[in-house]
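One structure below.
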Amino acid sequence: MEKTLPQSFMGPSMFGRVTVSVLLKSVIACLAAAVVIILALGAWDSWGRLTVATRIAAVTNASGELFRALHNLRLDRTGTFRDLVTERQLTAVNPQVKANRDAEMPALRAAVEALKSVDFPDRDKVVSDLAAATDKLDALQRESAEAMLKPKAQRRAGLAQDYFKHVTAMMENGEALSARLSRYVKLQEPFVDQLLGLKQLAWDLRNAGGDASLLISGPLGGQKMQADPLGKLAAIAARMNTVWTTLTETATGLPLPPEFGTAMQKVRTDLFAQPYIELRAKVVRDMVETGKTTYTAETWLSETTPKLATALAVAELALDTAEAHATKNRSHALLMLAVQSALLIGAILVAAALMVLVSRRVTSPLATIQSAMLKLAGGDMSAEASFPGRSDEIGKLASAMHTFKHGMIEADRMRSEQKEAEV
């Protein structure tokens, strides 16, 4: 028995009703959409990378300014307190104190500005508080600079303690803020995380060394000697060794600049030099046993400050490397975003141009030829579809229509002549 095919197989299919114009434009639109989506995803990824790189660059910049302020604040605190409690009337501000202040104030102002570009919770309050604390420090510095040049009896009572407490609070807030900034970009760029970790370890090492030095410079500068200074010195030395071991292990294998290795070697030969360690212990022991030492606060600081500065150099190099790496990543991300955005715009323009080209070179001529053929079929011999200079398929179709038209005209002429001959 003969099977009957379904109607859908007997009549024209759905695709048979799709025009060439729709088919061509659909193909171009699909290909263009695929390319645009791929490029748009790439641009979006580059935008994300640029956002992260910009955030990290802002954080490393702000962290660097805070760090430059912090270590100068520590030295300023010690020197200012010493000069305010001394019985001596100074003729000028101590050059070391002045140098610390000249470095810390611009760094604090720069940190305030840098923090404005870092988007983190309570940023406006943090920036406002830091700016207010910096303004107060500026006022205290002016007051203390004038007080140092007066006899001790004419200095405001409690000024030394106020300065010490305010700087201590600023240091604590600065360290907390630095830690907060590090957490803000944590896990977003592993190398930067490691560099910020190195910076913190080097800063902890310098602080521990500073605490050991303070056991000597504090009493020499007018502060009360701490209880059990020898026991505290031993504990600080153990802490320094632990931090140093962690610092060297963390730095091992990282792609750090040669200067970093040189700075690490300087710490090893200066801050951890056996003669310096023995001298520090001897001075503390002499102060405990006899209450005397050949050092003054100034001479001891001149002995210990350069050694503590070696740890600062390591921290600064880690920060500089992090900032340079973040800046490089940001520049690369910005370049990739610009390239991919240009490619995306180019793809859209090319797709639009292809649509116009197909319309003008294919679909519109085909419609013209179709209209002319329908006119010819209706007996209108004035129909024209001429595309001079085109030798492609459209030109050949127009030429074929032209031949067909002339054939129809010639046939009409012959029929007319035959009718006349019959009459």
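Is there a residue in the stretch 341-364 that is in contact with a Ser or Thr (Cβ under 9 Å, 6 or more places away or on another chain), closer than 30 Å to Val185 by Cβ and in a helix (DSSP H, G or I)?
Within the stretch 341-364, one or more residues are in contact with a Ser or Thr (Cβ under 9 Å, 6 or more places away or on another chain), closer than 30 Å to Val185 by Cβ and in a helix (DSSP H, G or I).
Could you tell me which residue of the stretch 372-423 is farthest from Val362 (Cα to Cα), considering only residues that are touching a helix residue (DSSP H, G or I) at 6+ places or on another chain (Cβ under 9 Å) and basic (Lys, Arg)?
Lys405
Here is a yes/no grid of residues against (1) more than 22 Å from Thr168 (Cβ to Cβ); (2) without any contact (Cβ under 8 Å) to a residue 24 or more places away in the chain; (3) hydrophobic (A, V, I, L, M, F, W, C); (4) part of a helix (DSSP H, G or I):
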{"position": "Leu41", "(1), (2), (3), (4)": "yes, yes, yes, yes"}
{"position": "Ser46", "(1), (2), (3), (4)": "yes, no, no, yes"}
{"position": "Ala62", "(1), (2), (3), (4)": "no, no, yes, yes"}
{"position": "Ala69", "(1), (2), (3), (4)": "no, no, yes, yes"}
{"position": "Arg77", "(1), (2), (3), (4)": "no, no, no, yes"}
{"position": "Leu84", "(1), (2), (3), (4)": "no, no, yes, yes"}
{"position": "Arg101", "(1), (2), (3), (4)": "no, no, no, yes"}
{"position": "Glu104", "(1), (2), (3), (4)": "no, no, no, yes"}
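Look at Ser416 and say whether it is assigned to a helix (DSSP H, G or I), surrounded by 10 or more Cβ atoms within 10 Å (Cβ to Cβ) and hydroxyl-bearing (Ser, Thr, Tyr).
In short, yes.
Considering each residue of the stretch 313-359, count those that are within 21 Å of Gly261 (Cβ to Cβ), of a type outside the set (Val, Ile, Thr) and touching a residue at least 60 places away in the same chain (Cβ under 8 Å), and give that number.
Matching residues across the stretch 313-359 total 9.
Of all residues in the stretch 124-173, count the ones that are open to solvent by 50 Å² or more (accessible area, probe 1.4 Å), in a helix (DSSP H, G or I) and of a type outside the set (S, T, N, Q).
Going through the stretch 124-173 one residue at a time, the tally reaches 15.
For the stretch 369-413, which positions are outside any helix (DSSP H, G or I) and open to solvent by 90 Å² or more (accessible area, probe 1.4 Å)?
Glu384, Pro388, Ser391
Surrounded by fewer than 19 Cβ atoms within 10 Å (Cβ to Cβ), small (Gly, Ala, Ser), assigned to a helix (DSSP H, G or I) and touching a helix residue (DSSP H, G or I) at 6+ places or on another chain (Cβ under 9 Å), is that true of Ala33?
yes
Has the stretch 87-98 got any residue that is at pLDDT 90 or above, among the charged types (D, E, K, R) and assigned to a helix (DSSP H, G or I)?
Yes, the stretch 87-98 has at least one match.
Determine if the stretch 84-106 includes at least one residue that is out of contact with any helix residue (DSSP H, G or I) (no Cβ under 8 Å at 6 or more places or on another chain), on the phi > 0 side of the Ramachandran plot and of a type outside the set (Phe, Trp, Tyr).
Checked the stretch 84-106: no residue is out of contact with any helix residue (DSSP H, G or I) (no Cβ under 8 Å at 6 or more places or on another chain), on the phi > 0 side of the Ramachandran plot and of a type outside the set (Phe, Trp, Tyr).
Going by the structure shown, is Ala58 within 30 Å of Ser364 (Cβ to Cβ) and open to solvent by less than 50 Å² (accessible area, probe 1.4 Å)?
Taking the combined requirement at face value, the residue does not satisfy it.
Which of the following residues is of a type in the set (A, V, I, L, M) and touching a Ser or Thr at 6+ places or on another chain (Cβ under 8 Å): Val126, Val118, Val192?
Selected residue: Val192, the only one of Val126, Val118, Val192 that is of a type in the set (A, V, I, L, M) and touching a Ser or Thr at 6+ places or on another chain (Cβ under 8 Å).
Quick one: in the stretch 118-159, which of the residues that are at negative phi and among the acidic types (Asp, Glu) is nearest to the chain's Cα centre (by Cα)?
Selected residue: Asp119.
Could you list all residues from the stretch 273-300 that are in contact with a Lys or Arg (Cβ under 9 Å, 6 or more places away or on another chain) and within 30 Å of Phe260 (Cβ to Cβ)?
Ala273, Tyr276, listed by residue number.
Residue under question is Thr246, and the condition is that it be over 30 Å from Asn329 (Cβ atoms) and open to solvent by 30 Å² or more (accessible area, probe 1.4 Å); does it hold? Before you say what the answer is, go through the steps one by one.
On the way: over 30 Å from Asn329 (Cβ atoms): no; open to solvent by 30 Å² or more (accessible area, probe 1.4 Å): yes.
It is false that Thr246 is over 30 Å from Asn329 (Cβ atoms) and open to solvent by 30 Å² or more (accessible area, probe 1.4 Å).
Consider the stretch 253-290. How many of its residues are part of a helix (DSSP H, G or I) and either open to solvent by less than 40 Å² (accessible area, probe 1.4 Å) or not polar (S, T, N, Q) (or both)?
Of the residues in that region, 25 qualify.
Hey, can you tell me all the residues within the stretch 38-92 that are within 26 Å of the chain's Cα centre (by Cα) and hydroxyl-bearing (Ser, Thr, Tyr)?
Once the filter is applied, which keeps residues that are within 26 Å of the chain's Cα centre (by Cα) and hydroxyl-bearing (Ser, Thr, Tyr), the stretch 38-92 yields Ser46, Thr51, Thr54, Thr60, Ser63.
Which of the residues belonging to the stretch 174-190 are open to solvent by 30 Å² or more (accessible area, probe 1.4 Å) and not hydroxyl-bearing (Ser, Thr, Tyr)?
Once the filter is applied, which keeps residues that are open to solvent by 30 Å² or more (accessible area, probe 1.4 Å) and not hydroxyl-bearing (Ser, Thr, Tyr), the stretch 174-190 yields Glu175, Ala176, Ala179, Arg180, Arg183, Lys186, Leu187, Gln188, Glu189, Pro190.
The values are calculated or read from the model by the stated rules, or taken from the named source; none is laboratory data. As the structure is a computational prediction, the values presented were derived from the model and not from experiment. All Cβ positions, even for glycine, are placed from backbone atoms using ideal geometry, and neighbour counts span all protein chains on display. Protein only, heavy atoms only, side chains kept; ligands, DNA and RNA dropped before computing areas. Shrake-Rupley method; radii C 1.70, N 1.55, O 1.52, S 1.80 Å.
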